[in-house]
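Report on the following structure.
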Amino acid sequence: MSRVDLELTDGVAVVTTVNPPAELFDEAQIAGLRDAVRKATADGARAMVIKSDAPLFSGGADVSLFHGKSQQDGLGMLTDGMALIAELEDAPFPIIAAVNGFCFAAGLELALACDFIFAADDTVFSQVEAMIGATTFLGGAYRLAERCGPAIAREIVYTADRYSAEQFAQWRIVNRVVPTADLHKTAVKVAKKIARGPSMAHAQTKSIIRHALTHNSRSADRLVLDEATSLYETRDMQHAVGLLLEQGARDFIQNHREVVFEGR
């Protein structure tokens, strides 16, 4: 049965997608992931990890959903999928996709909507949509281009070839390649480090980067002035600045793990 599980620990929302045996991306996965983002936000999560406990992250979309469907049918299905992508990109906390095994098509598009991609060393990536006469219906082509540039993105999508985790890391699509046995532990460890940090500053950073990618750097400059300056009035920034001035740079850096960011 297709479902999405959510567990919140130490400020980290750990989301596990479940749809055996091929871990296909379907309507239940979309609904479950959207619900997980909303619940994590309401519960005050400060970071998120999306993973699969199966031997593969995702075999892509359930193509039976496409068979015999009209353009209008497709519009209805993809509207919910695009809403999920937007909610991941707009979530008020960083998100790590921890992928393994096959990461195909819609599964890769899901990962591309996250802030980081950590890949097990056995991961095989592919945007296979061209094999069935389709394009990347959840934005894979242009989100790949954001990370690796348009020329490589075109190659990945046009050829529908398979690529290793190391190749995707060389193209700067993947942040880290780790041993399969260490994947989830590594992702959660990094997420916990982020969660201990200044959550309000992280939310601003995420918003600024997304705005710059959507618009341009000059427009993002305006957003910094209009929105990010609100950080000056947060307890977290003023507390940390006060500690830095009190302790000096060397002691502040050495003892930084003791700094408590309360998210206000």
* **Failed item, numbered, when D26 is tested on (1) without any contact (Cβ under 8 Å) to a residue 60 or more places away in the chain; (2) open to solvent by less than 20 Å² (accessible area, probe 1.4 Å); (3) within 17 Å of E109 (Cα to Cα)** => (2)
* **Count - residues of the stretch 85-104 that are under 28 Å from H215 (Cβ atoms), open to solvent by less than 20 Å² (accessible area, probe 1.4 Å) and in a loop (DSSP other than H, G, I, E, B)** => 3
* Asked: Checking L8 against (1) within 30 Å of S199 (Cα to Cα); (2) open to solvent by 30 Å² or more (accessible area, probe 1.4 Å); (3) in contact with a strand residue (DSSP E or B) (Cβ under 7 Å, 6 or more places away or on another chain), which test does it fail?
  -> (3)
* Structure fact -> When every residue in the stretch 113-133 that is in contact with a strand residue (DSSP E or B) (Cβ under 9 Å, 6 or more places away or on another chain) and more than 18 Å from I50 (Cα to Cα) is compared, the one most open to solvent (accessible area, probe 1.4 Å) is V128
* Being assigned to a helix (DSSP H, G or I) and touching a strand residue (DSSP E or B) at 6+ places or on another chain (Cβ under 7 Å), is that true of even one residue in the stretch 60-70? -> no
* Residue satisfying all of: in the stretch 162-178; in contact (Cβ under 8 Å) with a residue 40 or more places away in the chain and either acidic (D, E) or open to solvent by 70 Å² or more (accessible area, probe 1.4 Å) (or both); nearest to D122 (Cα to Cα) among these -> E166
* Quick one: is G248 open to solvent by less than 50 Å² (accessible area, probe 1.4 Å) and farther than 20 Å from D90 by Cβ? -> yes
* Pick out the one residue from K192, K206 that is in contact with a strand residue (DSSP E or B) (Cβ under 7 Å, 6 or more places away or on another chain), assigned to a helix (DSSP H, G or I) and under 30 Å from D236 (Cα atoms). => K192
* If you go through the stretch 193-212 one residue at a time, do you hit one that is open to solvent by 60 Å² or more (accessible area, probe 1.4 Å), in contact (Cβ under 8 Å) with a residue 24 or more places away in the chain and within 16 Å of the chain's Cα centre (by Cα)? -> no
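The values are calculated or read from the model by the stated rules, or taken from the named source; none is laboratory data. Everything quoted here is computed from the prediction, not taken from an experiment. Note that each Cβ is placed from the backbone with ideal geometry, even for glycine, and that neighbours are counted across all protein chains shown. Calculation scope for accessible area: heavy atoms of the full protein, side chains included, ligands and nucleic acids excluded. Shrake-Rupley method; radii C 1.70, N 1.55, O 1.52, S 1.80 Å.
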